[in-house]
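Every read-out reported here was derived from the displayed coordinates using simple, explicitly stated rules and does not represent laboratory data. Small disclaimer: the values here were computed from a predicted structure and weren't measured. Here the Cβ is made from the backbone with ideal geometry for all residues, glycine too, and neighbour counts use every protein chain on show.
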Amino acid sequence: MKLQDRLEGLIFSHYRTVNAVKTTLGVAIGLYCMIILAMPHSAWMVVTTIVVMSAMPQVGSAVNRAKLRIAGTLVAAAIAYASLFFFGPNPVYIGLTIVIGTLLFSYMATDRELGYAGTLAALSLAIMLGYGSASIEDVSWRLVNIIAGSVIALVVSAVVLPIRAKRKLTLNTATSLAALAELYNHYRASDQVSDYMRDMLYKVYQQIPVQRRLLAESIHESQHIRMHESSYERLISLQRSLAAILELLFETSWRNGSLNTEEEESLLQRFHGHFNGALMELSDAIRKETRIDTNKTLGQLHKLAHELKHFAGLRDIHASSYLWLHLQMSRELEEVAHYINSVSRTPS
């Protein structure tokens, strides 16, 4: 295993500790700037660093938060400047500005895309006008310190032991594909669906919203992700679809001896071996972010699927449905391979 892979594994397995250390480092930098530069209102630099970094370990989430924090702060600063320019430091007008600004920004805070910016704009407006003295100079220093805190958070998050959402997404996808392979293996090896299998299936389902969140964060980290967002979305959907088919198979009883022939059972055994092998190969490919040779990986499985299709047309509804579920799994596996190749940059 390469040193880089070991370091990456260490970071991801202890990401909470890593993020805590990075946040503390960001705060230390902010405190150092407070002491050395002695800027007025510099406490807001430290506060902003904590707000941006503390609960968002991934680089993409920190980038998004920093951008929205700066955007919200700039809008709040513009309103604060306008209020002070036209009305001066009059407590009545300052109070009205904060109240009206809070009304507008709280409405914005319910928006899915701009909600965080709305929340931070309301907070920044209250900080700039409602905390202590209110003057053009005070607003300017508070604006500078908030932006400086956002920049510190962004730099520390991206440079010091970066926890990249994109990498977490690929590793999560690889783990889910491997779990699906293990589930199918357990299913074919036993007539009974154990609690362990159901728990594993539930965990695969749980990873779907996690992957969607990681994808949303990855967009802020990587142009490659932005270019292939739809492919990643489809990969996530295919995992859910494969899990759903396996769940249907769990509820299917086709081992009573009257529905399957030796020829069909032999075909399914070969299908099982090639399907599991292909699924594990795809898991490894997405983990390493490499392309695969689809003819080599899926060629034999494709032939077996055609044989399954032939038998499915000859059987009663129960056996036919069972075979068609396997056929659908092979089709979706081919789609998974296609999208893995479309998002991978390295040839096999």
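Sort the following peptides by mean Cβ neighbour count (other Cβ atoms within 10 Å, averaged over residues), highest first: 333-342, 164-173, 103-112, 137-146. If you can, show how the numbers build up before the last one.
Details: 333-342: 19.6, 164-173: 22.9, 103-112: 13.6, 137-146: 21.3.
Ranked by mean Cβ neighbours within 10 Å, highest first: 164-173, 137-146, 333-342, 103-112.
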Exercise. How big is D for the range 165-343, in µm² s⁻¹ as a whole number, if Stokes-Einstein is applied with the Kirkwood radius of its Cα pairs at 10 °C and 1.306 mPa s?
Worked result: 94 µm²/s
Problem set entry | Dipole magnitude of the range 183-303, debye to nearest 20 (Cβ charges: Lys/Arg +1, Asp/Glu -1, about Cα centre) | 360 debye
Exercise. Label-point separation (nm) for residue 237 and residue 203, each offset 7 Å from Cα along Cα-to-Cβ?
Worked result: 2.8 nm
Seminar exercise, completed: Residues whose built amide H sits under 5 Å from the amide H of residue 163, excluding neighbours closer than 5 in sequence, are 59
Seminar exercise, completed: Here the gain from full extension of residue 335 to residue 140, 0.36 nm per residue of separation minus their alpha-carbon distance, amounts to 64.8 nm
Problem set entry | Overall form of the range 1-91 per C-alpha gyration tensor (a/c, 1.5; a/b vs b/c) | prolate
Exercise. Can you run phi through the Karplus equation (6.51, -1.76, 1.60; θ = phi - 60°) for the range 139-147 and list ³J(HN,Hα) in whole Hz, with x for Gly and Pro?
Worked result: 4, 4, 5, 5, 4, 4, 5, 5, 5
Problem set entry | Reference-scaled alpha-carbon Rg (2.2 N^0.38 Å with N residues) for the range 40-124 | 1.18
Seminar exercise, completed: A chain fully extended from residue 212 to residue 74 at 0.36 nm per residue, minus the present Cα-Cα distance, gains in nm 46.7 nm
Exercise. Taking the alpha carbon gyration tensor of the range 161-225, what are the square roots of 5 times its eigenvalues, largest first, to the nearest whole Å?
Worked result: 30, 10, 8
For this session: Using 0.36 nm per residue of separation minus the Cα-Cα distance, give me the extension gain between residue 100 and residue 12 in nm, one decimal.
Result: 27.3 nm
For this session: Please report the relative contact order for the range 165-343, taking Cα pairs under 8 Å with a sequence separation of at least 6, and give it as a percent rounded to a whole number.
Result: 30 percent
Seminar exercise, completed: Toy charge model, Lys and Arg Cβ at +1, Asp and Glu Cβ at -1: the range 133-236 dipole around Cα centroid in debye, rounded to 20, equals 220 debye
Exercise. Candidates (i) 63, 49, 23; (ii) 55, 21, 16; (iii) 44, 26, 18; which is the computed semi-axes √(5λ) of the Cα gyration tensor in Å?
Worked result: (ii)
Problem set entry | Whole-number percent relative contact order across the range 60-203, with pairs defined as alpha carbons under 8 Å at least 6 apart | 28 percent
Exercise. Can you tell me the Rg and Dmax of the range 16-159, counting just the alpha carbons, in angstroms?
Worked result: 15.3, 49
